[in-house]
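Novice: Provided herewith is a single structure, encoded as structure tokens, for subsequent inquiry.
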Amino acid sequence: MKRPLTLVALLYVAGILIAGYTSLPPALLLASSLSLAAASLVWTRARSLLLCPLILLTGWTNASLRTAILSPHDLRCILGEQTELPTCRGRLRETPSYRVFVQDEKESWRTLAQIDITAIRPNRRPWQAATGRIAVSTPGMLTNFFAGQIVEVTGVAHPPKLAAAEGTFDYRAHLKQLGIYYQLDAASEQDWQIVSSPARRPLADRFRSWARQTLARGLPAEDESLRLEWALTLGWKPALTEEVSEPFVRAATYHIFAVDGLRMAIIFAVFFGLLRAMNLPRGICGLVLIPLIWFYTGLTGWPASAIRATVMLTVVICGWVLKRPSDLINSLFAAALIILVWQPQQLFQAGFQLSFFVVLCIILAMPVLHGVWQRICAPDPLLPESLRPRWPGFFRVPGGFVLDVLLTSFAAWIGSIPLVAYYFHIVTPVSTPANLLAVPLCALVLMSNLGSLLLASWFPALAIIFNHAGWFLMECIRVSSHWFAAWPRAYFYVTAPSVFTSGLNYALLLAILTGWLFKPKLRSWKIAAMALVVSLWCGQIWQEVSATRLYVLPVNGGIATYFDAPGTRNDLLIDCGTTNSVAFLTKPFLRAQGVNGLPNLALTHGDIRHVGGADLLDHLFAINRICVSPVRFRSAAYRTLLKEFGHATERVRPISRSDHIGPWLVLHPDATDHFSQADDNALVLFGQFGSTRVLLLSDLGKPGQNALLERAPGLRADIVVTGLPVQTEALGDAFLDVVQPRLIIVADSEYPVWERASAKLCERLAQRKLPVIYTRSAGAATIELRKHKWEVRTMTGTRINSEDKAPVRAQSPGAPHPQTLQADPTLD
């Protein structure tokens, strides 16, 4: 077999995938694996048949053993699902890292750490043995803490937060992939205590501290480009704030900081070139290169991405030193197998998937792309040799280098599109030209920084020259990335493709690149099968795009509701939250839904918790039309906001009762209304989608509810979405008796405290025996509306649909026909 490890790795991966979706006792899996291994040793004639299920079962068993509860002292047995206030004792797995967040134009730092727990004292009870790993978050920057210390930390322990809304980052899933099931929130550095400590900091910490000072030597100030050098060369992550990273993400050059494969490949190429220039034999080169790249990986703190790249390089170097036939695909699968045996959960990490598929596509696509290029540039075979154009000889080497970088960047881009769209919701057509410049500059920056670090102790003047060169080259990368990101259509945001879509994309890509699809044997059947699968995919896409969806987002005391209709013309965002809510929730949520520009925004009332971030939202998404209540609110911030939008312009449109916003009918308020509370002047929207009626109340209080019922006495709604008014209680009994909803969504929040649904409201709604969703506990809710049915799902996994059994309701005599409340389906 030409590539034996390909099949082995694929079978092992299949076992890990089965473990991710099934749950069997680890003892049973281990016994089955050992039995099958013994049978394959004894039964030689059937060994070849038994090896395949044995490899699959080995992957299944390994993955299950890594995630199963094997000890009564496991943290999952001690803490459960409840929030606790424990003191944890354990060993710092790595030196705490820092993250900087910008809120209201102010920087706030947070320290993140991982502790391997050895003992725990829950809620001041006696100490007890414990095993497991916990993630610790503390405001500020902790000092004098580093890897290897035994520490005690007191804080609030709880399961990590789920994703705030569909498409946003799921911190719980991320930590689960690292084997972490709990997060400990410590209030300050005073909650930390050092029990014992090694005599010195780890070598990696001392090296990175020295290296940062060395790379800054001779430069006038610590600026963004210098910090980016630290991120590139040393893996210093605090430099990569969201504001700094965004242009690199949009230009598809962020990988030079986030993925260590390119960095390790450049460092390997530099030292490999130097050693080969010295005419050293292969064995000596391997003995120098392998320890060197592993030593550098250790100096940068053993990041998982660097370890993956180093494993791959080690496999390739070993094959080259032993003069074995070179096959990069076999080496790639060998490296993947080694990594997954060591850590099976890496299979589900974005970094592993991107590294593997990008490298695989580069290996497969480069010969094809080179062949296409040669066919395009091939001279006319009928043209005499003397008449064929010839390029000057000095163009050949740089021209070949540029061509290789260009084709490699293109191959990497097509290999990363589905995964980048799935994890980061963005597609970057500008990737190839941007990386044509960024990748060579990245190599030069690394060479300058390595030169500075190697010469700093004995030739400081030359080291300073290297520092200036490295800073200038990094500044070129920064400026060029900003420039490329500003190109028209340089990037656009998309919804995350389904697993089926991503799998089909890679299957077609691999079938074309390997030539399997075009081989004569069974070619017609293969093409027919592919056509059938593509047809099924088209049907799935049609089902997705034809649905109407309504997303209800709790935004720290406010409520943001996004209406996503088929197409984009009638898409509508109703409120957006404060500036911080827009930055940390509304913006990533909209981008995850593929929103690049916002056609319509409705601001229900002057509550700053609902509309305070509208100016930032307009800057991010270029809102086409802004609809506001006709009532004048006392909020100075709201009036300033309208003034910034330009209240007299055509873009801002006051709407009142009986007006339409696409398929939504405005039921309240009237232009003559002047309730004393802003909540009672909030816009109330009604929409009918097929047979489903939806009512959006915002924070409408009791006086507003009474006015609404007077104007629409027979109002009915299947789904009611409400916030919490300040002075009165939401959803009065008289109002519910008339509306008779089948489902209620209450958009309440954990903070501030007064935005939590009261016990009285919860008890009163519970007596009605109908499903009620509170976003404080269930998270954001998604309502999917189709012609004759609806379904609601929440971030905690709750699902309710129109086919569920519900109490029988009597229609009141004076109820109007549904058509009298149906909105105009077109945008005015």
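The values are calculated or read from the model by the stated rules, or taken from the named source; none is laboratory data. Note that the structure is predicted; figures quoted are calculated from it, not measured. Reconstructed Cβ throughout: ideal geometry from the backbone, glycine too, with neighbour counts over all protein chains shown. With ligands, DNA and RNA removed, areas are computed over all heavy atoms of the protein, side chains included. Shrake-Rupley method; radii C 1.70, N 1.55, O 1.52, S 1.80 Å.
Novice: Cβ-Cβ distance below 8 Å, separation of 6 or more or different chains: which pairs start in region 438-459 with a residue that is farther than 14 Å from L473 by Cα and end on one that is assigned to a helix (DSSP H, G or I) and acidic (D, E)?
Specialist: So the pair list comes out empty.
Novice: Hand me the list of helices (runs of 4 or more DSSP H) wholly inside region 9-81 holding 3 or more residues that are under 27 Å from the mean Cα position of the chain (by Cα).
Specialist: By residue number, 47-67.
Novice: While we're looking at this one, here's another question. Of all residues in region 241-251 being surrounded by fewer than 21 Cβ atoms within 10 Å (Cβ to Cβ) and of a type in the set (A, V, I, L, M), which is modelled with the lowest pLDDT?
Specialist: The extreme case among them is V244.
Novice: Continuing with this model, one more query. Condition first: open to solvent by 70 Å² or more (accessible area, probe 1.4 Å), over 17 Å from L598 (Cβ atoms) and not in a loop (DSSP other than H, G, I, E, B). Now tell me which residues in region 617-639 satisfy that.
Specialist: R639
Novice: Just checking, which of S502, S535 is under 31 Å from the mean Cα position of the chain (by Cα) and without any contact (Cβ under 8 Å) to a residue 40 or more places away in the chain?
Specialist: S535
Novice: Inside region 530-554, can you point out the residues that are of a type in the set (F, W, Y), in a helix (DSSP H, G or I) and out of contact with any Leu (no Cβ under 7 Å at 6 or more places or on another chain)?
Specialist: If the condition is that a residue be of a type in the set (F, W, Y), in a helix (DSSP H, G or I) and out of contact with any Leu (no Cβ under 7 Å at 6 or more places or on another chain), then W542 is the only one that fits.
Novice: Then there is this: What number goes with the only condition from (1) part of a strand (DSSP E or B); (2) open to solvent by less than 40 Å² (accessible area, probe 1.4 Å); (3) touching a residue at least 40 places away in the same chain (Cβ under 8 Å) that I744 does not pass?
Specialist: All conditions pass for I744, except number (3).
Novice: Considering each of I134, I180 in turn, give the residue that is closer than 29 Å to D205 by Cβ, touching a residue at least 60 places away in the same chain (Cβ under 8 Å) and not hydroxyl-bearing (S, T, Y).
Specialist: I180
Novice: Identify the residue in region 8-28 that is in contact with a Phe, Trp or Tyr (Cβ under 9 Å, 6 or more places away or on another chain) and at pLDDT below 90 and, among all such residues, is surrounded by the most Cβ atoms within 10 Å (Cβ to Cβ).
Specialist: G20
Novice: For region 507-553, enumerate the residues that are among the polar types (S, T, N, Q) and within 28 Å of A780 (Cα to Cα).
Specialist: Q540, Q543, S546, T548
Novice: Residues of region 760-801 being in contact (Cβ under 8 Å) with a residue 40 or more places away in the chain and of a type outside the set (A, V, I, L, M), which ones?
Specialist: Residues satisfying the conditions are T775, R776, G779, T782, E784, R786, K787, H788, K789, W790, T796.
Novice: Only residues that are polar (S, T, N, Q), out of contact with any Lys or Arg (no Cβ under 9 Å at 6 or more places or on another chain) and either crowded, with 16+ Cβ neighbours inside 10 Å or modelled with pLDDT of 90 or more (or both): list them for region 519-554, please.
Specialist: Across region 519-554, the qualifying residue is only S535.
Novice: Quick one: which residue in L51, L56, L85, L70 is in contact (Cβ under 8 Å) with a residue 40 or more places away in the chain and surrounded by 16 or more Cβ atoms within 10 Å (Cβ to Cβ)?
Specialist: L56
Novice: Among residues belonging to region 269-314 that are closer than 23 Å to L337 by Cβ, hydroxyl-bearing (S, T, Y) and at pLDDT 85 or above, point out the one that is farthest from the chain's Cα centre (by Cα).
Specialist: The extreme case among them is T314.
Novice: Which count do you get for residues in region 354-386 that are part of a helix (DSSP H, G or I), open to solvent by 40 Å² or more (accessible area, probe 1.4 Å) and free of Cβ contacts under 8 Å to residues at least 12 places away in the same chain?
Specialist: Counting residues in region 354-386 that are part of a helix (DSSP H, G or I), open to solvent by 40 Å² or more (accessible area, probe 1.4 Å) and free of Cβ contacts under 8 Å to residues at least 12 places away in the same chain gives 8.
Novice: Among the residues of region 670-708, which ones are over 22 Å from L550 (Cα atoms), outside any loop (DSSP other than H, G, I, E, B) and either open to solvent by 30 Å² or more (accessible area, probe 1.4 Å) or touching a Lys or Arg at 6+ places or on another chain (Cβ under 6 Å) (or both)?
Specialist: A678, K702, P703, N706
Novice: Sticking with this one: Just checking, which of L473, L462, L455 is open to solvent by 40 Å² or more (accessible area, probe 1.4 Å), under 30 Å from A231 (Cα atoms) and touching a Leu at 6+ places or on another chain (Cβ under 6 Å)?
Specialist: L462
Novice: State whether the residues of region 588-597 include one that is open to solvent by 10 Å² or more (accessible area, probe 1.4 Å), outside any helix (DSSP H, G or I) and touching a Cys at 6+ places or on another chain (Cβ under 9 Å).
Specialist: No, the conditions are met nowhere in region 588-597.
Novice: Would you point out the residue of region 265-302, among those that are of a type in the set (V, I, T) and surrounded by 14 or more Cβ atoms within 10 Å (Cβ to Cβ), that is farthest from L92 (Cα to Cα)?
Specialist: The residue in question is V270.
Novice: In region 135-163, what residues are out of contact with any helix residue (DSSP H, G or I) (no Cβ under 7 Å at 6 or more places or on another chain) and of a type in the set (A, V, I, L, M, F, W, C)?
Specialist: Those that are out of contact with any helix residue (DSSP H, G or I) (no Cβ under 7 Å at 6 or more places or on another chain) and of a type in the set (A, V, I, L, M, F, W, C): V136, M141, F145, A147, I150, V151, V156, A163.
Novice: Got a sec? Which of G612, G577 is more than 20 Å from L665 (Cα to Cα) and open to solvent by less than 10 Å² (accessible area, probe 1.4 Å)?
Specialist: G577
Novice: Would it be correct to say that A31 is surrounded by fewer than 16 Cβ atoms within 10 Å (Cβ to Cβ), at pLDDT below 90 and of a type in the set (G, A, S)?
Specialist: Answer is no for this residue.
Novice: Would it be correct to say that E94 is open to solvent by 70 Å² or more (accessible area, probe 1.4 Å), in contact (Cβ under 8 Å) with a residue 24 or more places away in the chain and of a type in the set (D, E)?
Specialist: For E94, the condition - open to solvent by 70 Å² or more (accessible area, probe 1.4 Å), in contact (Cβ under 8 Å) with a residue 24 or more places away in the chain and of a type in the set (D, E) - is met.
Novice: Just a yes or no: is a residue in region 782-793 crowded, with 16+ Cβ neighbours inside 10 Å and at pLDDT below 90?
Specialist: Yes: region 782-793 contains one or more residues that are crowded, with 16+ Cβ neighbours inside 10 Å and at pLDDT below 90.
Novice: Could you figure out which of (1) over 26 Å from R489 (Cβ atoms); (2) open to solvent by less than 10 Å² (accessible area, probe 1.4 Å); (3) not in a loop (DSSP other than H, G, I, E, B) isn't true of G557?
Specialist: Every listed condition holds for G557 apart from (3).
Novice: Identify the residue in region 315-353 that is surrounded by fewer than 16 Cβ atoms within 10 Å (Cβ to Cβ) and more than 27 Å from the chain's Cα centre (by Cα) and, among all such residues, is modelled with the lowest pLDDT.
Specialist: P325
Novice: Specify the residue that is modelled with the highest pLDDT; the eligible residues are those in region 163-194 that are touching a Phe, Trp or Tyr at 6+ places or on another chain (Cβ under 8 Å) and assigned to a loop (DSSP other than H, G, I, E, B).
Specialist: It comes out as A186.
Novice: Mind checking whether some residue in region 475-489 is assigned to a helix (DSSP H, G or I), among the aromatic types (F, W, Y), over 20 Å from the mean Cα position of the chain (by Cα) and farther than 19 Å from M264 by Cβ?
Specialist: Scanning region 475-489, I find at least one residue that is assigned to a helix (DSSP H, G or I), among the aromatic types (F, W, Y), over 20 Å from the mean Cα position of the chain (by Cα) and farther than 19 Å from M264 by Cβ, so the answer is yes.
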